[in-house]
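Chemist: What follows is a structure written as structure tokens; I'll ask about it next.
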Amino acid sequence: MLRLGLCCLFKDEAVSFRTTTVKVLATLPRDRQLLKLSEICLHNAINLKLALEAVQRLGIGAFRIMSPLFPRMTHPEAGYSLENLPDGEIISGTLETCKHFALKKQIRLSFHPDQFVVLSSPHPAVVANSILELKYQARLAEAVGADVINIHAGGVYGDKRAALKRFAEVYNALPESVRSRLSLENDDVSYTPGDLLPLCEQYNIPMVYDVHHHRCNPDNMTIEEATERAGATWKAAGLEQQCHISSPRSGWGNPAPRPHADYIDPADVPDCWIGRQMTVDVEAKAKELAVVRLIEDLKLLGQTSC
């Protein structure tokens, strides 16, 4: 049945994640930089465990881990590895605990790197930095047992076909640790399911179907068709299908439906998703409150979610 997922942060739960900036780190000598980063990374690893415990307690079946769990790790000047940090062994052990907990409780974990990760860019430096970030995400995914690193196709750059060709060339050169987890999502401006599915089918890349994006940026495919074809890409990869859902903040009659609402309108859940075995990340401003409410709404409709 539907496995509903929470994205990164909480509204009411006592779970928090810390970060820092390169500007702040630059004011410190290297030993103090590493000490500060170690404290932040340990805090975030401990709070990841708290996040998984909260997710399990609330009956939520999936959790998207924030991309900068270990902030500035890939920065050319402030970057580091866990081995460099005073608390590195404790941090690694905490991640291992998170991995075992998620496996035991059947909580599916994923990552969704920030928009600056663009493999279709015509600029080599952007692509190089994107690959570096994806390698970092893959190391984290391996450490915690996450099976998905989801990205967007990027910009069109005046030629959608050429952009997707660049994406494919870069994808083929990625290390297996990244390719085995990488998925591609349709967006609300540039790339529809119809744009991405031929690429995903050709290169065996699972496609995350975002139904809100599809409603904002439609093509000639129906929701049912997009769901089925996207589902086939996950089946080919031997993974459970993953989709995203949101509701528009000001309703579908508003000329700007892209911003997300606090909660999900149950009417926005496609009928063809009900009873389907897949993960659905709930992208809503009320965070865990929205996921819990949607779980209850689906139960009231006579459906089961987990």
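The values are calculated or read from the model by the stated rules, or taken from the named source; none is laboratory data. Everything quoted here is computed from the prediction, not taken from an experiment. As a convention, Cβ positions derive from the backbone with ideal geometry for all residues, glycine included, and neighbour counts pool all protein chains shown.
Chemist: Kindly list the number of the only condition in (1) surrounded by 14 or more Cβ atoms within 10 Å (Cβ to Cβ); (2) on the phi > 0 side of the Ramachandran plot that fails for GLY238.
Modeler: (1)
Chemist: Among the residues of the range 159-185, how many are under 19 Å from the mean Cα position of the chain (by Cα), without any contact (Cβ under 8 Å) to a residue 40 or more places away in the chain and part of a loop (DSSP other than H, G, I, E, B)?
Modeler: Residues that pass the stated criteria total 1.
Chemist: Could you tell me whether VAL189 is within 19 Å of the chain's Cα centre (by Cα) and of a type in the set (Val, Ile, Thr)?
Modeler: Numbers: within 19 Å of the chain's Cα centre (by Cα): yes; of a type in the set (Val, Ile, Thr): yes.
In short, yes.
Chemist: Can you tell which of ALA128, ALA138 is closer than 30 Å to PHE167 by Cβ, buried (at least 17 other Cβ atoms within 10 Å of the Cβ) and among the hydrophobic types (A, V, I, L, M, F, W, C)?
Modeler: ALA138
Chemist: Now for a separate question. Among LEU48, LEU42, which is in contact (Cβ under 8 Å) with a residue 24 or more places away in the chain, farther than 18 Å from LEU289 by Cβ, in contact with a strand residue (DSSP E or B) (Cβ under 9 Å, 6 or more places away or on another chain) and part of a helix (DSSP H, G or I)?
Modeler: On the way: LEU42 fails: in contact with a strand residue (DSSP E or B) (Cβ under 9 Å, 6 or more places away or on another chain).
Only one candidate passes the filter, namely LEU48.
Chemist: Give the residue that is surrounded by the fewest Cβ atoms within 10 Å (Cβ to Cβ), with candidates limited to residues of the range 14-62 that are closer than 30 Å to GLN277 by Cβ and among the charged types (D, E, K, R).
Modeler: For the range 14-62, the residue satisfying everything is ARG57.
Chemist: Which ones in the range 116-135 are of a type outside the set (Val, Ile, Thr) and within 23 Å of TRP234 (Cα to Cα)? Outline the logic, then answer.
Modeler: As a first pass, look at the range 116-135 and keep what is of a type outside the set (Val, Ile, Thr): 116, 119-125, 128-130, 132-135.
The answer is LEU119, SER120, LEU134, LYS135.
Chemist: Moving to a separate point now. Scan the range 114-153 for residues that are among the aliphatic types (A, V, I, L, M), assigned to a strand (DSSP E or B), free of Cβ contacts under 8 Å to residues at least 60 places away in the same chain and touching a strand residue (DSSP E or B) at 6+ places or on another chain (Cβ under 6 Å) and jot them down.
Modeler: Our first condition is that a residue be among the aliphatic types (A, V, I, L, M); within the range 114-153, this holds for 117-119, 125-128, 131-132, 134, 138, 140-141, 143-144, 146, 148-149, 151, 153.
Next cut, assigned to a strand (DSSP E or B) only: 148-149, 151.
Narrowing the set further to residues that are free of Cβ contacts under 8 Å to residues at least 60 places away in the same chain leaves 149, 151.
ILE149, the sole residue that qualifies.
Chemist: Out of curiosity, is LYS299 modelled with pLDDT under 95, surrounded by fewer than 21 Cβ atoms within 10 Å (Cβ to Cβ) and either within 17 Å of the chain's Cα centre (by Cα) or assigned to a helix (DSSP H, G or I) (or both)?
Modeler: Working: modelled with pLDDT under 95: yes; surrounded by fewer than 21 Cβ atoms within 10 Å (Cβ to Cβ): yes; either within 17 Å of the chain's Cα centre (by Cα) or assigned to a helix (DSSP H, G or I) (or both): yes.
Judged against the criteria, LYS299 is a match.
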